[in-house]
Amino acid sequence: MAEPSVPVSIPDDAVYNALNSIYHKKVSPDKDLDPSLFNAIWSGYNKATDKGISDSVAPSPADDFRAALKYNNAVFSAFKVHRLQHDVAAQLLDSNGNLKPFKQWLNDVQPIASHQCKNWFKAEYSMAVTRAHQAADWQQFEREKDILPNLEWLPSTAVHPDTEHSAYVGTILPIDDSFWNIHHPGDHWGCLCSLTSTDKPCTARPKDTDPPQPGLDNNPGKDAKLFSDTHPYIASAAEGAQKAVDKTIRALDLPQNYTEDNTYGKRLLVSKTADKTEVAENKRAAKALVASFSKMVVKINPHVIADSHKNPEYTINGLTADRKGIMSENGVTSGFKKAIAQGCRSVVIDLDMNMKNSNIRADVLAQKIYGRHADFESGTVSSCYIIYNDKAVLVDGSVFKSNDKAGIKDKIASIINKIAKQN
């Protein structure tokens, strides 16, 4: 295992913007996490994870194991950001209790920011590469233990090997031996020892003389954590850290944050923090969508309030979408405008919410959707789904590729009539 290089760094502007947000009270340092800084740090650890796995000669771990590694990277990143925010916020006031000028405060907290985002991040990135490599190796050891039941501790490849591990080099024990729960390569910062699977006979069990260092006392190949909960970022976290971390993690688009629908499985995923007041209606409409389009994947998004507005409800085939339960055909215009204001590229017109027992007028509805032709032609909106009688149809940009205005409206009406009640 070679000494990892560090091609990834935390951008200076991400650090500056986070500090600026703390000083000007855009972020509450103990209750919230600066999203840009969090994403920059999390991205760095995820890149380290990908590099470590690719460096291993073992086959890539299963998708769920990789997802677990990156989920735990997010948790660790969140605690790191909270620690940084807490430490710099403690320097905001001078000895008289007055707020320091911004430039003075930036200068005062520069050592903290530099340690966290440069020196410490460099060490953490390198260790993450090493331990991701070891995690991939361990997964392979588990797969082949029927043939190669033992593990051998190999010498370090570091320029300056970890002398404390020298007593373990050459140790051969069964993969299920409790020794590996306590001691393993990568349980000291900078360690570049490794293991290999073998069918060679076991050696004597070494004495437990060398305890792992905090944050490295777990086996990442077993629990998918590159850094354990004994790391000071977590074990010595400031008050409010857990709530701030939980808030950030819940909002992430991660497999662990969703439940699969009993009928449609991974094609319909519901965030564990979806808006409880609307989740029943959102699931009802989503089922109409996935039932009508066999290759569609719908996610019901977590409930997040930003700038006094809640986030769009769906992600449909990777595009942000929102459901609009209009009261009549005239509600189409308002529905499109609101969805676009939320950053949506897909609009769901849900007629079943308020109009299920009405005979909809396909020609009028087509006229209203045609009235948004500029949205489709500019690419602002790429798709509009219409739900009626628990079925759905799609009007997309391809429908508008004609100079025949009447022909386009007729085509839209024809699409709607596939699900509309006829008089």
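Amide H to amide H, with H built 1.01 Å from N, Leu195 comes under 5 Å of Leu154, counting only residues 5 or more places away or on other chains.
May I ask you to list the residues of the range 198-218 whose amide nitrogen lies under 12 Å from a point 7 Å from Cα along the Cα→beta-carbon direction of Ala158? In the range 198-218, the label zone of Ala158 (backbone N under 12 Å from the point 7 Å along Cα→Cβ) covers 213. Relative to the dominant Cα principal axis of the chain, helix 279-292 is inclined by about 80°.
If you wrap the tightest convex hull around every Cα atom of the chain and split its volume per residue, you get 189 Å³. The aspartates and glutamates whose alpha-carbon is closer than 12 Å to the alpha-carbon of Lys337, local same-chain residues fewer than 8 away aside, are Asp322, Asp375. Contact order, relative form, for the range 255-416: 17 percent (alpha carbon pairs under 8 Å, 6 or more residues apart, mean separation divided by residue count). Would you grab the residues whose amide H sits under 5 Å from the one on Ala251? Only those 5+ places off in sequence or on another chain, please, with H modelled 1.01 Å from N. Correct list: empty.
In a fully extended conformation the segment linking Asn262 and Ile182 would gain 24.8 nm over its present Cα-Cα distance, using 0.36 nm per residue. Expressed as a fraction of 2.2 N^0.38 Å, the value expected for a compact globular protein of N residues, the C-alpha radius of gyration of the range 190-317 is 1.60.
Highest mean first, the peptides 187-197, 160-170, 278-288, 71-81 sorted by other C-beta atoms within 10 Å per residue fall in the order 71-81, 187-197, 278-288, 160-170. Taking all Cα pairs closer than 8 Å and separated by 6 or more residues, the relative contact order of the range 110-190 comes to 36 percent.
With R₀ fixed at 60 Å, the C-beta to C-beta distance from Lys295 to Phe102 puts the FRET efficiency at about 0.70.
With the simple model of a label 7 Å out from the Cα in the direction of the Cβ, Ser334 to Ser43 spans 3.9 nm. Expressed as a fraction of 2.2 N^0.38 Å, the value expected for a compact globular protein of N residues, the C-alpha radius of gyration of the range 12-246 is 1.16. Each peptide among 171-182, 13-24 gets the average number of other Cβ atoms lying within 10 Å of its residues, and from highest to lowest they stand as 13-24, 171-182. So what's the angle, to the nearest 10 degrees on a 0 to 90 scale, between helix 241-250 and the longest Cα principal axis of the chain? Result, in degrees: 50.
Restricting to DSSP loop positions (anything but H, G, I, E, B) with no more than 12 other Cβ atoms inside 10 Å of their own Cβ, which GluC sites (Glu not before Pro) remain in the range 289-391? Loop-located and lightly packed - none at all.
Couplings 3J(HN,Hα) for the range 196-213, derived from phi with the Karplus relation 6.51 cos²θ - 1.76 cosθ + 1.60 (θ = phi - 60°), are 9, 7, 7, 10, 5, x, 6, 9, 5, 7, x, 6, 7, 10, 10, x, x, 8 Hz, where x marks Gly and Pro. Counting charges near Asp229 (Lys, Arg +1; Asp, Glu -1) among other residues having Cβ under 12 Å from its Cβ returns a value of -1. In whole percents, the pair-distance distribution calculated for the range 298-421 from its alpha-carbon pairs, binned every 5 Å from zero, is 2, 12, 22, 25, 20, 13, 5, 2, 0.
Between Lys26 and Ser398, the simple label model (points 7 Å from Cα in the Cβ direction) yields a spacing of 4.2 nm. Distant-in-sequence amide contacts of Asn311, defined by a placed amide H-H separation under 5 Å and a gap of 5 or more residues or a different chain, comprise Val304, Ala306.
Could you tell me the calculated FRET efficiency between Asp64 and Val304, based on Cβ-Cβ distance and R0 = 30 angstrom, to the nearest 0.05?
The value I calculate is 0.75.
In sequence order, the range 78-88 has phi-based couplings of 5, 5, 5, 4, 4, 4, 4, 4, 4, 5, 6 Hz under the Karplus curve 6.51 cos²θ - 1.76 cosθ + 1.60, θ = phi - 60°, and Gly or Pro positions carry x.
Annotation: extensible slack from Leu92 through Ser236 equals 49.7 nm (criterion: 0.36 nm per residue apart, minus Cα-Cα distance). Along the range 390-398 the Karplus relation, 6.51 cos²θ - 1.76 cosθ + 1.60 evaluated at θ = phi - 60°, assigns HN-Hα couplings of 6, 10, 9, 10, 10, 10, 10, x, 5 Hz to successive residues, with x for each Gly and Pro. State the Cα centre-to-centre distance between the range 192-254 and the range 390-419 in whole Å. For the range 192-254 versus the range 390-419, the Cα centre distance is 55 Å.
Assuming 0.36 nm per residue, please report the length gained on full extension of the stretch Lys207 to Trp120 beyond their Cα-Cα distance.
On the way: separation 87, 0.36 × 87 = 31.32 nm, distance 3.15 nm.
Computed gain between Lys207 and Trp120 is 28.2 nm.
Helix 35-55 axis versus longest C-alpha principal axis of the chain: approximately 60°, rounded to the nearest ten.
Since every read-out is calculated from the coordinates, none of them should be taken as a lab result. Because the structure is predicted, anything quoted here is derived from the model rather than measured. Note: ideal-geometry Cβ built from the backbone for every residue, glycine included; neighbour counts use all protein chains shown.
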